[in-house]
1. For the range 1-52, which residues satisfy the criterion of being in a loop (DSSP other than H, G, I, E, B) and out of contact with any Ser or Thr (no Cβ under 6 Å at 6 or more places or on another chain)?
2. Which members of the range 52-80 meet the condition of being near ligand 1 (Cβ under 9 Å from one of its atoms), aliphatic (A, V, I, L, M) and surrounded by fewer than 23 Cβ atoms within 10 Å (Cβ to Cβ)?
3. Of all residues in the range 190-227, count the ones that are surrounded by 20 or more Cβ atoms within 10 Å (Cβ to Cβ) and part of a helix (DSSP H, G or I).
4. If you go through the range 244-279 one residue at a time, how many are within 21 Å of Ile160 (Cα to Cα) and small (Gly, Ala, Ser)?
5. Restricted to the range 46-79, and to residues that are among the hydrophobic types (A, V, I, L, M, F, W, C) and in contact with a strand residue (DSSP E or B) (Cβ under 6 Å, 6 or more places away or on another chain), which residue is farthest from ligand 2 (Cβ to nearest atom)?
6. Could you figure out which of (1) under 22 Å from Lys264 (Cβ atoms); (2) among the aliphatic types (A, V, I, L, M); (3) at pLDDT below 90; (4) out of contact with any helix residue (DSSP H, G or I) (no Cβ under 7 Å at 6 or more places or on another chain) isn't true of Ala161?
7. Considering each of Lys278, Lys287, Lys269, Lys262 in turn, give the residue that is in a helix (DSSP H, G or I), of a type outside the set (Gly, Ala, Ser), touching a helix residue (DSSP H, G or I) at 6+ places or on another chain (Cβ under 9 Å) and free of Cβ contacts under 8 Å to residues at least 40 places away in the same chain.
8. Name, by its number, the condition in (1) under 25 Å from Gln162 (Cβ atoms); (2) modelled with pLDDT of 95 or more that does not hold for Phe10.
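The values are calculated or read from the model by the stated rules, or taken from the named source; none is laboratory data. No experiment lies behind these values; they were computed from the predicted model shown. Because the Cβ atoms are built from the backbone with ideal geometry, glycine has one as well, and the counts that use them run over all protein chains shown.
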Amino acid sequence: MEQENRLKNFADKIISSDKRSVARALSIIENEDSNSEELLKLLYKHTGNAYRIGITGPPGAGKSTLTNNLIKLLKEKGYKIGVIAVDPTSPFTGGALLGDRIRMQDSGLLEDVFIRSMATRGSLGGLSKSVVEACDILDASGKDFIIIETVGVGQSELDIAQTADTTIVVLVPESGDSVQAMKAGLMEIADIFVLNKSDREGADGIVSTIKNIIHLKPPSKDNWIIEVLKTVGSQNKGTEELFNEIMKHKDHLEKTGYLKLKRKDNLNKKIKGLIHNKLEVEFWDRKKLEFLDGKIDDILIKKEDPYSFVEEITGIKN
Ligand SMILES: Nc1nc2c(ncn2[C@@H]2O[C@H](COP(=O)(O)OP(=O)(O)OP(=O)(O)O)[C@@H](O)[C@H]2O)c(=O)[nH]1
Ligand SMILES: [Mg+2]
């Protein structure tokens with residue numbers, strides 16, 4: 001009972017936008033603390049008001065720089081902003097990471113802006129789950145916009161991007177980039193393309209290439225036309241245009257009813273994901289793990305097959 005009250009007070013503080021409580025809640029989520037679900041239950045009613053913007057693209061494309069520019073602009077317009085930066089795990093980007101923090105701190109000092117980095121640890125599914133839950137916390141705390149920065153290299157990043165209402169894919173004028181992006185599935189998820197570092201040579205050529213690729217794609221169900229914008233993040237050029245395009249997409253999604261549809265679809269996936277996790281965690285008790293350990297060598301040397309084993313351990317026949 002006392003525990004229940006404490007959690008309720010905690011949730012109320014988050015809803016009233018208390019920065020320290022929001023920070024604590026994000027740690028609880030990130031550590032997959034046992035309290036996290038109880039907290040999320042209390043906050044659920046208060047989510048759904050923030051507009052979620054995903055920014056993804058290859059390492060070093062300028063995602064943090066653009067995020068920083070957007071934060072400043074949104075802030076000037078009087079919006080409350082939350083940012084989740086999903087750290088790349090690659091040790092090669094360690095230096096850039098530190099740079100991220102420094103640049104982001106610029107905006108971190110602003111009122112009504114909450115910035116948090118999250119580490120890519122644990123399982124892949126675990127990461128996107130924590131990131132989405134972190135967004136829910138920021139959402140419940142009354143943010144108008146939430147920006148999620150991820151490096152567009154893996155499946156979990158694509159999952160995260162798909163939970164955003166508007167996904168921005170950032171590319172740069174470097175050879176092979178657009179081809180790489182296609183391979184990484186970034187073409188599939190982009191609502192807006194940004195060619196950053198367009199102060200560099202070859203920018204217009206890449207813009208044409210991206211436009212050609214977009215034209216080859218079948219039109220999206222909601223008939224949204226994907227634009228390719230040029231920015232120079234380091235000079236804060238093109239930020240206003242990017243903001244306008246985001247708002248245009250937001251407006252489009254709202255008017256066509258696709259925002260609701262997209263969120264419903266995400267909710268459906270989320271519930272299925274939660275069930276999947278619950279069942280899996282519950283399933284693998286010590287006895288079953290030992291049972292698998294005892295059998296794995298026999299399966300390896302083909303004395304038994306994995307399908308029969310699964311039938312046996314689950315008791316579910318085909
Ligand atoms: N020339 C040029 N440099 C830029 C531009 N935008 C950003 N940069 C620089 O590019 C470097 C990488 O920028 P970040 O914003 O950290 O890129 P990122 O995509 O967030 O990088 P990761 O998070 O490490 O994947 C920094 O040194 C920026 O100053 C631009 O428009 N032109
Ligand atoms: Mg970054």
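1. From the range 1-52, those in a loop (DSSP other than H, G, I, E, B) are 1, 16-18, 31-35, 47-50; that's our starting set.
Correct list: Met1, Ser16, Asp18, Asn31, Glu32, Asp33, Ser34, Asn35, Thr47, Gly48, Asn49, Ala50.
2. none
3. The qualifying residues number 2.
4. Count: 1.
5. Within the range 46-79, the subset among the hydrophobic types (A, V, I, L, M, F, W, C) is 50, 53, 55, 61, 66, 70-71, 73-74.
Now restrict to residues that are in contact with a strand residue (DSSP E or B) (Cβ under 6 Å, 6 or more places away or on another chain): 50, 53, 55, 61, 71, 74.
On the way: Ala50: 21, Ile53: 15, Ile55: 9, Ala61: 8, Ile71: 13, Leu74: 18 Å.
Among residues in the range 46-79 that are among the hydrophobic types (A, V, I, L, M, F, W, C) and in contact with a strand residue (DSSP E or B) (Cβ under 6 Å, 6 or more places away or on another chain), the one farthest from ligand 2 (Cβ to nearest atom) is Ala50.
6. With (1) under 22 Å from Lys264 (Cβ atoms); (2) among the aliphatic types (A, V, I, L, M); (3) at pLDDT below 90; (4) out of contact with any helix residue (DSSP H, G or I) (no Cβ under 7 Å at 6 or more places or on another chain) applied to Ala161, the lone miss is (4).
7. Numbers: Lys278 fails: touching a helix residue (DSSP H, G or I) at 6+ places or on another chain (Cβ under 9 Å); Lys287 fails: touching a helix residue (DSSP H, G or I) at 6+ places or on another chain (Cβ under 9 Å); Lys262 fails: free of Cβ contacts under 8 Å to residues at least 40 places away in the same chain.
The conditions single out Lys269.
8. The number of the failed condition is (1).
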